[in-house]
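Notes to accompany the following structure.
Values quoted throughout were computed directly from the atomic coordinates according to the rules given, and no laboratory measurement underlies them. Quick caveat, the model's predicted, so the values are computed rather than measured. Cβ sites come from the backbone with ideal geometry, for glycine too, and all protein chains shown count toward neighbours.
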Protein chains: 2
Amino acid sequence: MKLYFEDFKPGPFGSFGPHHVSRDDIIAFATEFDPQPMHLDEEAAKRSMLNGLSGSGWHMCSLLMRICWDGFIHRIASAGAPGVDEVKWVSPLRPGDDLTVEVEVISTRESKSRPDVGFVNISNVVRNASGVTLMTAALPLMVLRRVPG
Amino acid sequence: MKLYFEDFKPGPFGSFGPHHVSRDDIIAFATEFDPQPMHLDEEAAKRSMLNGLSGSGWHMCSLLMRICWDGFIHRIASAGAPGVDEVKWVSPLRPGDDLTVEVEVISTRESKSRPDVGFVNISNVVRNASGVTLMTAALPLMVLRRVPG
């Protein structure tokens, strides 16, 4: 059963995950996209400001997408996404972390230019298994309306 | 020679890339992080609103990081990055695209809480080889000051 624009109301939406992140995952992502020494090499990471191997912030963004896809986005009558409103990298991603994402619907509005589409603005809090917030993100989604205006 | 906070002034900063993106790259990223059919399967993609296989927006974000790392971030006396101010996905990433990134320094300011650090706010325009804008992004960087305040 697909989720349409009308199915989203401001308020808590759900919690998704956990999704396990290994040391190999962190190093593979960093090798391809963000080869800073603190994301690649344990010894360099110990000397860095983050005091130990940490994952790329962009890796966390990509994992947020995956956790949300598995959790609910695969069920959305999606009309795409225009971008990202804001991301804050709060605490480092560590090898072995099990990530959960708490999703809240902040606001919804019908598109002015497309009567078949609405915008759903969600906030996401990414936490590790200890409940520490690693990242927050505000994302606009475009979702088909069940009943076009 | 490292780039310090004092080396960044508002105005055009540079153009970086090109960075080639293959069909395999697009499918590999999507398989791991954003398995929407339009990023994975040519036939499903033809039926999608983007009318052909396209890369994940998060893949473009990750490629932006890589192109900027190769281009100049590896030379920065970095103090990290607090997050992402805004990303707009303007046009789809396609198999075979060669991406360039144009970087402009929008503003700089010294940190109020850390006398050794300043913030450098950059804007990024990601284009394909035809000059079409695929993505824009506004990113704050934290950079060490050559002369702490």
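Give me the inter-chain shielding for B:45-58: mean count of other chain Cβ atoms within 10 Å, whole number please. Each step should come with its number before you reach the end.
Working: counts 0, 0, 0, 2, 4, 1, 0, 0, 0, 0, 0, 2, 7, 10.
What the average comes to for B:45-58 is 2.
Over chain B, what is the relative contact order in whole percent, taking alpha-carbon pairs under 8 Å and six or more residues apart? The partial results should precede the final answer.
Values: 314 pairs, mean separation 45.7, N = 149.
It rounds to 31 percent for chain B.
Taking H as built 1.01 Å from N, whose amide H comes closer than 5 Å to the amide H of residue B:94, not counting residues under 5 places away?
B:55
Size of the dipole of chain A about the Cα centre, Lys and Arg at +1 and Asp and Glu at -1 on the beta carbon, nothing else charged, in debye to 20? If you can, show how the numbers build up before the last one.
Details: 15 positive and 18 negative charges, 112 e Å.
Computed about the Cα centre, the dipole is about 540 debye.
Based on the Cα coordinates of the stretch B:69-110, what is the per residue volume of their convex hull in Å³? Each step should come with its number before you reach the end.
Values: hull volume 5.4 nm³, N = 42.
Hull volume over Cα atoms, normalised by residue count, gives 129 Å³.
Can you give me the distance in nm between label points at residue B:88 and residue A:6, each placed 7 Å from the Cα along the Cα-to-Cβ direction?
Roughly 3.2 nm, to one decimal.
Would you calculate the volume per residue, in Å³, of the smallest convex hull containing every Cα atom of the protein assembly as shown? Before the final figure, lay out the partial values.
Values: hull volume 42.2 nm³, N = 298.
It is 142 Å³ per residue.
Between 0 and 90 degrees, rounded to the nearest ten: what's the tilt of helix B:57-71 against the longest Cα principal axis of chain B?
The helix B:57-71 is inclined about 50 degrees to chain B.
Mind checking the full-extension length gain between residue A:75 and residue A:41? Use 0.36 nm per residue of separation minus the Cα-Cα distance, one decimal, nm. Show your work: numbers first, answer last.
Working: separation 34, 0.36 × 34 = 12.24 nm, distance 3.85 nm.
Gain on extension, residue A:75 to residue A:41, equals 8.4 nm.
Average partner chain C-beta neighbours within 10 Å, per residue of A:97-105?
0
For each of A:72, B:29, A:13, count neighbouring Cβ atoms within 10 Å of the residue's Cβ, then give the residues from fewest to most. Provide the component values of the computation, followed by the final result.
On the way: A:72 16, B:29 25, A:13 20.
Least to most surrounded, the residues fall as A:72, A:13, B:29.
Please report Rg (one decimal) and Dmax (integer) in Å for the Cα set of chain B.
Both quantities, over Cα of chain B: 17.2, 58 Å.
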